[in-house]
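Worksheet: one structure, shown below.
What follows is calculated from the coordinates using simple rules that are stated; it is not laboratory data. On a predicted model such as this, the values are computed, not experimentally measured, just so you know. Note that each Cβ is placed from the backbone with ideal geometry, even for glycine, and that neighbours are counted across all protein chains shown.
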Amino acid sequence: MTDFRNFINGEWVATNQTFDNRDPVDNRLIGRIHEAGDAEVDAAVRAAKAALRGPWGKLKTQQRVELLHAVADGIIRRFDEFVDAEIADTGKPYDLASHLDIPRGAANFKIFADLVRNIPNETFDLETPDGGHALNYGVRVPRGVIGVICPWNLPLLLMTWKVGPALACGNTVVVKPSEDTPATATLLGEVMNEVGVPPGVYNVVHGRGPGSAGEKLTRHPLVDGITFTGETRTGEAIMQAAAVGVRPVSFELGGKNAGIVFADADFDKAVAGIARAAFDNTGQVCLGTERVYVQRPIFDRFVAALGERARGFKLGRPKDPGVNLGPLISQRHRDKVLGYYARAREDGATVVAGGGVPDMPDGLAAGAWIQPTVWTGLPESSAVIQQEIFGPCCHIAPFDTEEEAVALANATPYGLAASVWTSNVGTAHRMGQALEVGICWINSWFLRDLRTAFGGAKQSGIGREGGVHSLEFYTELRNVCVKL
Ligand code: NAD
């Protein structure tokens, strides 16, 4: 059993308040998490502040870049440990953790380190009334201590997506990982020490949200900015905390993303793409598709094909051969998802596939397993269509015209992502411009170029991260005006 301690100023800090960490595959107790209280959160934030003014703040950009490359290399050197830690916390298949979570976790340090080496700055020459000139130029300076609040669905990937640019820009961080997935953030502390990142640059405090480490961190007056990935409702609470002291926020929030399949699409690719979008990571991807709209001529065929895909998954332990779907993150989350499965039946859905809890063999029966599920026949007003479920499920509805598809897709308060499947280039571009989302994929899904803007429209987020867009949040742009 692992003791997950807080990582503060380069040291491991235990507390006498602990809670259990369980493996969602079989509900086995795998660790004890040491919850940070006021004193630990305060110590972490002060350590981050001191590092900013101390050794970290004094490093040249090139030295910082080299250290962050060493962090990425350190993750890859301990690749198997990171994969095992991520698997133990989430139950996700080995293939997914080893191809997506951990490599991207390392890449997030390299891409932003390389970016800050090459940022251009704006300059303006001003002709002044006295016939002279003034030269204006921009300087990007770190924002300060960044509070990083993370979810559990892609723990290392989403955490480093924020810590990578934050550190590359010269900030220091205090990370609050999800209470369900403490392992990889903790392991990263070991890597930071191994490669010589100065104490206080990267800190981890464990705990829950309200009344615990999450809220304490967001309310700490020495935190200069808060970056958060999680539910929209949590974002509202964090925004209220950030209002005190007028601290800026960067939010990546929930979604209720639409997949739109036109009759002229490559049918097999569309089925495969929507299946990934609906079921990958057991549907626990913010970009995932829970609403599918299919043009009427291919509707029945598409429903049959996606239902077959849903029934074809192999559930089991992360490293068992052929396993391609894990459990949900916890029993608590399964209760929530099963609530929507029940609601779908009450609202009159036709259950095309799944709809309940699978029979699992002895040893796995206590895990948070759930069947991949496909429904048709629900009214658009159903909570199943309107609210984010965050499970391996989707509803498929028919549409006739492009205008109708746009109206259906846009009829939610969320606006994170969409995927559109068509072979008509005009349709593709028109949809890309009409859908109210932060990211629109055409004939693809979750195809990420880390240089591009990432974020949500409407209630799916505030701000954009990725490439140079991350600089907007992780730096202050100072203008220097020199009268010549
Ligand atoms: P969550 O909002 O419940 O929790 C996220 C984090 O916030 C956790 O670390 C939690 O402890 C903390 N927290 C909760 N209440 C808090 C408070 N009052 N103050 C400070 N911290 C608090 O989200 P989750 O269930 O962990 O993750 C799933 C959600 O994340 C889904 O809604 C999903 O769409 C969203 N998500 C969005 C993106 C994106 O990029 N837009 C990516 C991944 C996940």
Part-to-part distance (alpha-carbon centres) for segment 370-411 and segment 278-325, which is given in Å: 14
Where labels lie 7 Å past Cα in the beta-carbon direction, separation of ARG343 and ARG28 in nm: 3.4
Computed over segment 257-442: relative contact order in percent, which uses C-alpha pairs under 8 Å that are six or more apart: 29
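So how do VAL173, VAL141 line up by other beta-carbon neighbours within 10 Å, fewest first?
On the way: VAL173 24, VAL141 13.
Arranged by neighbour count, lowest to highest, VAL173, VAL141 become VAL141, VAL173.
For the peptides 126-137, 313-324, what is the packing order when you average, over each peptide's residues, the other Cβ atoms within 10 Å and list the highest mean first? The partial results should precede the final answer.
Details: 126-137: 10.4, 313-324: 15.7.
The packing order, highest mean first, is 313-324, 126-137.
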Residue (of MET1, ALA275, VAL163) at the positive-pole extreme of the chain, dipole from beta-carbon charges: VAL163
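Run through segment 189-226 and list the trypsin sites (Lys or Arg not before Pro) located in a DSSP loop whose Cβ has at most 16 other Cβ atoms within 10 Å.
Passing sites in segment 189-226 are ARG208.
Neighbouring Cβ atoms within 10 Å as the yardstick, rank SER423, SER178 fewest first. Please report the intermediate quantities before stating the final value.
Working: SER423 14, SER178 24.
Ranking SER423, SER178 by Cβ neighbours within 10 Å, fewest first, gives SER423, SER178.
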Residue-averaged 222 nm ellipticity for the chain, from DSSP H runs of 4+ at -39500 (n - 2.57), nearest 500: -11500 deg cm²/dmol
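Take every Cα-Cα pair in the chain and report what % of them are more than 37 Å apart. Could the numbers behind the result be given before it?
Numbers: 34457 of 116886 pairs.
Result for the distance tail: 29 percent.
Where Rh is the Kirkwood radius over the Cα pairs of segment 1-136, the temperature 4 °C and the viscosity 1.567 mPa s, what D in µm²/s does Stokes-Einstein return? Could the numbers behind the result be given before it?
On the way: Rh = 18.9 Å.
The diffusion coefficient I find is 69 µm²/s.
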Cα-Cα pairs of segment 287-434 separated by more than 27 Å (percent): 27
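Taking the Cα centre as origin and putting +1 on Lys and Arg beta-carbons and -1 on Asp and Glu beta-carbons, what dipole magnitude results for the chain, to the nearest 20 debye? Mind dumping the intermediate values first?
Numbers: 48 positive and 56 negative charges, 148 e Å.
That gives the chain a dipole magnitude of about 700 debye.
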Which listed pairs, of LYS162/LYS319; LYS49/LYS176; LYS92/LYS216, have C-alpha distances above 20 Å, in listed order: LYS162/LYS319; LYS92/LYS216
Point-to-point label distance, PHE267-ARG451, nm (Cα→Cβ direction, 7 Å offset): 3.8
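Counting other beta carbons within 10 Å of each residue's own, what order do TRP12, TRP56, TRP375 fall into, fewest first? Before the final figure, lay out each step's value.
On the way: TRP12 16, TRP56 24, TRP375 29.
Ranked by crowding around the Cβ, least crowded first: TRP12, TRP56, TRP375.
Applying 1/(1 + (r/R0)^6) with R0 = 30 Å to the Cβ-Cβ distance of ALA39 and GLU190, what FRET efficiency is obtained, to the nearest 0.05?
Values: r = 23 Å, r/R0 = 0.77.
After rounding, the FRET efficiency stands at 0.85.
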Separation in nanometres of the label points that stand 7 Å from Cα toward Cβ, at MET360 and SER381: 3.8
Fully extended contour minus Cα-Cα distance, from HIS133 to MET1, at 0.36 nm per residue: 40.8 nm
Estimated FRET transfer efficiency when R0 is 60 angstrom, pair ARG311-ARG219 (beta carbons, to 0.05): 0.80
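Assuming R0 = 35 Å, what is the FRET efficiency of ARG208 and ALA304, from their Cβ-Cβ distance, to the nearest 0.05?
Working: r = 43 Å, r/R0 = 1.23.
Calculated value: 0.20.
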Set of segment 136-175 residues, backbone N closer than 20 Å to the point 7 Å along the Cα-Cβ line of GLU122: 136-143
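Where does segment 81-178 land on the Kirkwood hydrodynamic radius, alpha-carbon pairs, in angstrom?
So the Kirkwood estimate lands at 16.0 Å.
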Cα long-axis angle, helix 79-90 against the chain (0 to 90 degrees, to the nearest 10): 60
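What number results when the radius of gyration of segment 182-334, computed over Cα atoms, is divided by 2.2 N^0.38 Å? Don't jump to the answer; show the numbers that get you there.
On the way: Rg = 21.0 Å, N = 153, 2.2 N^0.38 = 14.9 Å.
Normalised Cα radius of gyration, segment 182-334: 1.41.
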On Cα atoms only, tilt of 102-117 relative to the major axis of the chain in degrees: 40
